[in-house]
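Engineer: Let me begin by handing over the structure; questions about it come next.
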Amino acid sequence: GGSDAAKRQAGERAAEAVEDGFVVGLGTGSTTAYAIEAIGRAVDDGLDVRGIPTSFQSRQLALEVGIPLTDLDAVDGVDLAIDGADQVVDDADTATDGALIKGGGAAHAREKLVDAAADRFVVVADPSKLTDRLDRSVPVEVLPDAHTVVADRVRELGGEPTLRDAERKDGPVVTDNGNLVLDCAFGPIGDPDDLATRLSRIPGVVEHGLFVGLADATYVGTDDGVEVRTY
Ligand code: DER
């Protein structure tokens, strides 16, 4: 991925948007980790905030840095969600500007739930994530029993599905929700909204990593600052 300095710039700038009394969605991955650490420091300085984690990983990190935690069913709403992405469309001339592919960390089901529930959803990224057209594989979380039938339906849609193997475990990656992940290569995706709808309709699909029309802004870290895209 991109440079740690760029990721840190983006994450720490996003954390500055957290105001006293906020409920904040805490995303997953290495870029959001910088935001979570910065929020932890603000809590040490007296910031009143409650965090809603989007994965085991972000919950562990939030506990480590001392962010008080809560859940969606215990709050009246989420003021801000901060999360990373694997790809971000960066083309102000297209309707899909700000569309994302997420799921590199296999956390996209709970990420999308929290990110979409937030009044404002801010993506944090380094320049390597920017593209003019989504073309990475789309992670699709599936019920374990469904992985072969979903793979067949993905092929009918023109995708090439690959069951995501674990690295330090025999067999496939198992998500925080106990499901499996198919990484589905479609090549360049001209109409992410259409593909998102088709993937959502496949029985056995829990959630896919196309986030279309959800992000409100992207903070792009560079080695000497942050560029903010708004949608
Ligand atoms: O899984 C996700 O969607 C994460 O946000 C992830 O893809 C981004 O991770 P990174 O910030 O470590 O690149």
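Engineer: How far is it, in nm, from the label point at residue 148 to the one at residue 5 when both lie 7 Å from their Cα along the line to the Cβ?
Structural biologist: Result for the modelled spin labels: 5.2 nm.
Engineer: Please tell me the relative contact order of segment 100-231 in percent, rounded to the nearest whole number, where contacts are Cα pairs under 8 Å and at least six residues apart.
Structural biologist: Values: 230 pairs, mean separation 48.6, N = 132.
The normalised contact order for segment 100-231 reaches 37 percent.
Engineer: Once you have all Cα-Cα distances for segment 125-229, histogram them in 10 Å bins from zero and send the whole-percent values.
Structural biologist: Reading upward from the zero bin: 14, 40, 30, 15, 2.
Engineer: Continuing with the same structure: Rounded to whole Hz and in sequence order, give me ³J(HN,Hα) for segment 116-121 from the Karplus expression 6.51 cos²θ - 1.76 cosθ + 1.60, θ = phi - 60°, writing x for Gly and Pro.
Structural biologist: 6, 6, 6, 4, 9, 10
Engineer: State the extension gain, in nm to one decimal, for the chain segment bounded by residue 222 and residue 135, taking 0.36 nm per residue of separation less the distance between their alpha-carbons.
Structural biologist: On the way: separation 87, 0.36 × 87 = 31.32 nm, distance 2.25 nm.
Length gained, residue 222 through residue 135: 29.1 nm.
Engineer: For residue 63 and residue 155, what is the calculated FRET efficiency with R₀ set at 30 Å and r taken between the beta-carbons, to the nearest 0.05? Don't skip to the end; give the middle numbers.
Structural biologist: Details: r = 41 Å, r/R0 = 1.38.
The calculated FRET efficiency here is 0.15.
Engineer: Only sites in a loop by DSSP and with at most 14 other Cβ atoms within 10 Å count here; which trypsin sites (Lys or Arg not before Pro) in segment 74-176 make the cut?
Structural biologist: Values: sites: 102, 110, 112, 120, 129, 133, 136, 153, 155, 164, 168, 169; in loops: 102, 133, 136, 164, 168, 169.
Filter output for segment 74-176: 168, 169.
Engineer: Tell me, what is the per residue accessible area of segment 96-231 in Å², probe radius 1.4 Å?
Structural biologist: Numbers: 6270 Å² over 136 residues.
About 46 Å² of surface per residue is accessible.
Engineer: In addition: How large is log10 I(q)/I(0) at q = 0.12, 0.14, 0.15, 0.16 Å⁻¹ when the Debye formula is applied to the Cα atoms of the chain, each weighted equally and without solvent?
Structural biologist: Taken in order of the listed q values, log10 I(q)/I(0) reads -0.63, -0.85, -0.97, -1.09.
Engineer: Please sort by residue number the GluC sites (Glu not before Pro) in segment 112-194 whose DSSP state is loop and whose Cβ has at most 14 other Cβ atoms within 10 Å. The partial results should precede the final answer.
Structural biologist: On the way: sites: 141, 156, 167; in loops: 167.
Sites meeting the loop and neighbour criteria: 167.
Engineer: Let me ask something else. So how much slack lies between residue 162 and residue 185, counting 0.36 nm per residue of separation and subtracting their Cα-Cα distance, in nm?
Structural biologist: Values: separation 23, 0.36 × 23 = 8.28 nm, distance 0.82 nm.
Extending this stretch completely gives an extra 7.5 nm.
The values are calculated or read from the model by the stated rules, or taken from the named source; none is laboratory data. A quick note: this is a predicted structure, and the numbers were derived from the prediction, not measured. Backbone-built Cβ (ideal geometry, glycine too); neighbour counts: all protein chains shown. Keep in mind that these areas ignore ligands, DNA and RNA; they rest on the heavy atoms of the full protein, side chains included. Shrake-Rupley method; radii C 1.70, N 1.55, O 1.52, S 1.80 Å.
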